[in-house]
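No lab work stands behind these numbers, since they all come straight from the coordinates. Keep in mind that what you see is a predicted model, and the values were worked out from it rather than measured. Please note: Cβ atoms are built from the backbone with ideal geometry, for glycine as well, and neighbour counts cover all protein chains shown.
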Amino acid sequence: MNIKKEISVKKPVSEVWEVLGNQFDQAHKWATGLYHSQGSGMPKINGATCSIRECKTQQGKIREEIRVFDPENYVLGYEVVEGFPFFVKSGVNNWKLAQIGSTTLVSMDFNLETKGLVGAVMKPMMKMQMTRIIENVLKDFKYYVETGIPSPEKEKEMLKLSKKVV
């Protein structure tokens, strides 16, 4: 299944890339659903700060491996290599940024491949769930890049998490 979404961010492409690419390992600061993220592994691609992003989510841990890191063309691609349910064969997310006047067009192209009978049955529900997640991630990203602070939804999530820790 393929899910493509776009959003316009009112910042120059270099500032948008700073958060998306250069701060790849810090997505937990802005993305609702990510409780923690950190980079690991020596960079395999020139310019990247790591090769892996490990994330803690409500569903558990996921590991993403950078496949494309191109700061000159503002392209980032990574594959979820661990953490999807058993019926998911692969998940690859590609981001592309383009300067349009004084704003930046953020394009996301997510490809998820399921496997087996369970995968075939779950595919429509997975598409609905992943579409909603991607839309929310893009809204969170836009808010964070434009304001420098997490979205109200992310703030609520962080507050809720802090109360669980105490």
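Net charge dipole, region 2-153: roughly 440 debye, given to the nearest 20, about the Cα centre with Cβ charges of +1 for Lys and Arg and -1 for Asp and Glu.
VAL16: net charge of surrounding residues, Cβ under 12 Å, Lys/Arg +1, Asp/Glu -1, itself excluded? Before the final figure, lay out each step's value.
Values: positive: LYS10, LYS11, LYS96, LYS142; negative: GLU15, GLU18, GLU146.
Overall, the nearby charge balance is +1.
Do any GluC sites (Glu not before Pro) in region 18-75 lie in a loop, going by DSSP, with at most 14 other beta-carbon atoms within 10 Å of their beta carbon, and if so which? Write down the numbers at each step before the final one.
On the way: sites: GLU18, GLU54, GLU64, GLU65, GLU72; in loops: GLU72.
Answer by residue number: GLU72.
Shape of region 51-166 from the C-alpha gyration tensor: oblate (a/c of 1.5 or more and a/b not above b/c, with a ≥ b ≥ c the square roots of its eigenvalues).
Rounded if a/c is under 1.5, else prolate if a/b beats b/c, else oblate: with a ≥ b ≥ c from the C-alpha gyration tensor eigenvalues square-rooted, which is region 6-64? Because a/c hits 1.5 or more and a/b fails to exceed b/c, region 6-64 counts as oblate.
Ranking TYR78, THR104, ALA31 by Cα position along the charge dipole of the chain, where only Lys, Arg, Asp and Glu carry charges on their C-beta atoms, puts ALA31 farthest toward the positive end. A straight Cα-to-Cα reach below 25 Å connects LYS142 with the lysines LYS4, LYS5, LYS10, LYS11, LYS29, LYS56, LYS61, LYS96, LYS127, LYS154, LYS156, LYS160, residues fewer than 8 places away in its own chain not being considered. The trypsin sites (Lys or Arg not before Pro) of region 35-97 meeting both criteria, a DSSP state outside H, G, I, E and B (loop) and at most 13 other C-beta atoms within 10 angstrom of the site's C-beta, are LYS44.
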